[in-house]
1. I'm told A:K104 meets every condition in (1) more than 14 Å from every other protein chain (Cβ to nearest Cβ); (2) open to solvent by 40 Å² or more (accessible area, probe 1.4 Å); (3) at pLDDT 50 or above; (4) more than 23 Å from the chain's Cα centre (by Cα) except one. Can you identify the failing condition by its number?
2. Restricted to segment B:296-318, and to residues that are surrounded by fewer than 15 Cβ atoms within 10 Å (Cβ to Cβ) and out of contact with any strand residue (DSSP E or B) (no Cβ under 8 Å at 6 or more places or on another chain), which residue is nearest to the other protein chains (Cβ to nearest Cβ)?
3. Quick check on segment B:267-300: of everything there that is in a helix (DSSP H, G or I) and of a type in the set (A, V, I, L, M, F, W, C), which residue is farthest from B:Y339 (Cα to Cα)?
4. If you take just the helices (runs of 4 or more DSSP H) that sit entirely in segment A:286-369, which of them hold at least 1 residues that are modelled with pLDDT under 95 and of a type in the set (S, T, N, Q)?
5. So which residues in segment B:122-137 are in a strand (DSSP E or B) and out of contact with any Leu (no Cβ under 7 Å at 6 or more places or on another chain), if there are any at all?
6. Can you name the condition, by its number, that B:G360 falls short on among (1) on the phi < 0 side of the Ramachandran plot; (2) touching a Ser or Thr at 6+ places or on another chain (Cβ under 9 Å)?
7. Regarding segment B:324-334, can at least one residue be identified that is over 27 Å from A:L55 (Cβ atoms) and crowded, with 17+ Cβ neighbours inside 10 Å?
8. Which one of these does B:H369 not meet: (1) modelled with pLDDT under 95; (2) farther than 22 Å from A:G164 by Cα?
Amino acid sequence: MVSATKVEGEYSFLSKNSHLDQSEGVKTHLYHFGAEHGNDDLKSTACPEQGPSLLDTILLSQWDNFAWKGHLDYDVTACQLKVIEGGINFVGQLNNKWNSFSLKEYDKLFESFRCSKPNSMKSYEGLLLCVAQGENDRPEVAPSASPPKDGLLLIANAYPVEYGHIFLVPAAVNQLSCYWDKRMFGLATKIASEVNNAAFRVFFDSRTHVVSDHMFFQACYFPNPLPVECASTVVVYEYGGNARSDIIVSETVGYPLKAIVFTSNNLKALVNVVSEICFSLHDNTTAYSLLISNNGTKVFLFPQVKNLVIGCSLSTWECGGYFIYHTKFEFDNASETEISKRMASVSLQDSAFEDLKHLCCAIAHDLVK
Amino acid sequence: MASSGAAEADPGEREREREQHDDLHHQRRLASSLTARYSDWVLEALDELPGSFLLTDPALAGHPIVYASRGLAALTGYARREVLGRGARVFQGAATDRAAVAGVREAVRAQRAHQVAILNYRRDGSPHWVLLHLAPVFHARDGSVLHFLAVQVPIDDAGRGAGAPCRGAQGAVLAACREEARVDDDFPCASYSGKVFVDMDRRGLEAEKPRIASDSEKEKAISTANSIVAALNRYSKLTGLVVSGKRCDSVGIPALSSSLNLSLGRIKQSFVLTHSCLPDMPIIYASDAFLSLTGYSREEILGCNCRVLNGPGTSLEVIEEINQHICSEQACTVDLLSYRKDGSSFPDLLHVSPIRDASGKVAFHIWVHLDVGAKHDFNGLTPEVWQLGAVGAVRVAVRGLSASGSLLRPSQ
């Protein structure tokens, strides 16, 4: 079946990785994008009747197989969901297994990557597939291949927040960047577009640098639209001169966390503009989260202020309106008021947000011409 | 569509004109019940069909007749425009057996097919026995009822049964009482539509000895019904075909919410979903690929247990293995010999897995079937990867929170 084999007995994702055959090169499903022919427009206009894309099918399949083999800490689909009462429809999940420290565990994993020699990667079962740019017209899959250096690895998160929770990291692990990696962001956005499933969201937390000091993306399948995606928006900048490079910058209205929304059917333009803004935010050491949704045509930017009282900021799914509760009591008593307060406490001040908006408009104006 | 108010110079002439105008408007509104779902040609196609039949729309207030065949006018003496927009009880009269009517009403309420000999009345008031064949017309994809078709086949005098038992009035009253005791909320939409086949004012009148329809009359009713459904399908504008007769077993199999149906409809693999909480785990969803793999139609397979695919040579040990996995809420992949509707068998790579809904509980089981013997093109994927892709997609779809909090259609 898949390269994964069932390991009997107790399985621990991390301990498994610490004693692996170092010499063996890893083989996994390798997915090649179809070649680009100078046309950057997304195929998202394609008829939804076509059914799930090839990448979507492999990803779901590999994830389900991984879960079936018992490699996950828990079955996230067994965690109860509910809509939290109020106008915004925040979603709450009752999950006593997940905790925010599980991300830190992954630091060790990435650290082990960095210590290994370039290109002699360890094999491990969390690896679901590798995605890379291809040369043929149509996307292709090789069932068992070594990941190319310029590929992106899709690794299962054993502590999933939702179904299909994965990490996206560069195949050449020594390339794990401490800085904003535009090429990687481009690949992640391309994956969102190629998966072509409305439930699939890719996200990024700049704050993870604080603990891990390198950059990676995450993704998972949220079955319902996130509350922030349903929030109303007003356009703050619209470039309509050239239909192919249209990009719209908007801001959310009536959502407790201030957010800027970039919408474009032109993947390159979207990646260029958002990357430029992320560079600036890094220079300013502003914490922020990104949510790539709507099949890679929409990016939500959530700038955050450091909250000294709580001591931590919100993860991307929390910015989007999706919250995990560890106890039944917390779950039952979750309220929109409390969540809104938490969001407001990390939301940017009006003047700082105005400055950021102007910056976004200026960058969009400069780049999209 | 009554309108009034303006003073009229030539009341007679104006009145006639307006009546004609209203009449046309009214007819058009009723016809749109059909033309919204089928092409305009459907009316002509139905006109071509022999036999006396009509279509009613349960979604319109009063569950009116929206189509009447040419043959109906010959049989009943009612012109088409005289019955369009009216309830089907127009054909009932003083001596129509109320127990028979209650049976029809119950069938409408439960949305199932029903055949009964019933005493109807022509326009001139003369009674005549007909075999009434009633059947719901479902949208095959989402299982919603679009129309009811009612075929009337006159029962020949010669076919009259000599020793037919006479239904007493008491029995009929009891039947009616039982009906009233039912909670109408079960079928909020059907509760009034059920009543249109009954005329309450006719209560207490003596029922005539029922006549029995011959086999050939029953067959005639069914073949007319089939040709109507065929015509509807030929001119369907809907995304899926319509089906008639039973959507499922006569016990009410719940239909999935339309948003879930839509998500599932995108998935290309051959699979069914079974309801884990209903007795005998009936199939409540079947993908198009499954139907083409097995040869069953959707209305045949819904409501059935997955064992319909078993036959000689299907390993009982493997079936037992599947059952054990189901009991322990585990997924499993097995090799099995399965059978199509036509009796031919195929080597079946079968994956069965529990599917949980937003509450975290197991709501369904997915059964992904793959004919190992056939040639497939999965774009370079192995059959196993292809199969599990469907499982993941179904998990995401079923995990979705719906507005009503239920994955099932509320009215079912």
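1. (4)
2. So, considering only residues that are surrounded by fewer than 15 Cβ atoms within 10 Å (Cβ to Cβ) and out of contact with any strand residue (DSSP E or B) (no Cβ under 8 Å at 6 or more places or on another chain), the one nearest to the other protein chains (Cβ to nearest Cβ) is B:E317.
3. Checked segment B:267-300; the qualifying residue farthest from B:Y339 (Cα to Cα) is B:A289.
4. Of the helices (runs of 4 or more DSSP H) lying wholly inside segment A:286-369, those with at least 1 residues that are modelled with pLDDT under 95 and of a type in the set (S, T, N, Q) span A:316-320, A:336-346, A:350-367.
5. B:H128, B:V130, B:L131, B:L132, B:H133, B:L134, B:P136
6. (1)
7. The first filter runs over segment B:324-334 and keeps only residues over 27 Å from A:L55 (Cβ atoms), leaving B:324-330, B:334.
Narrowing the set further to residues that are crowded, with 17+ Cβ neighbours inside 10 Å leaves B:325-326.
Yes; the residues of segment B:324-334 include at least one that is over 27 Å from A:L55 (Cβ atoms) and crowded, with 17+ Cβ neighbours inside 10 Å.
8. Against the list (1) modelled with pLDDT under 95; (2) farther than 22 Å from A:G164 by Cα, B:H369 comes up short only on (1).
The values are calculated or read from the model by the stated rules, or taken from the named source; none is laboratory data. This structure is a prediction, so every number in the text was calculated from the model and none was measured. Cβ sites come from the backbone with ideal geometry, for glycine too, and all protein chains shown count toward neighbours. Just so you know, the surface numbers come from the protein's heavy atoms only, side chains and all, with ligands and any DNA or RNA stripped out. Shrake-Rupley method; radii C 1.70, N 1.55, O 1.52, S 1.80 Å.
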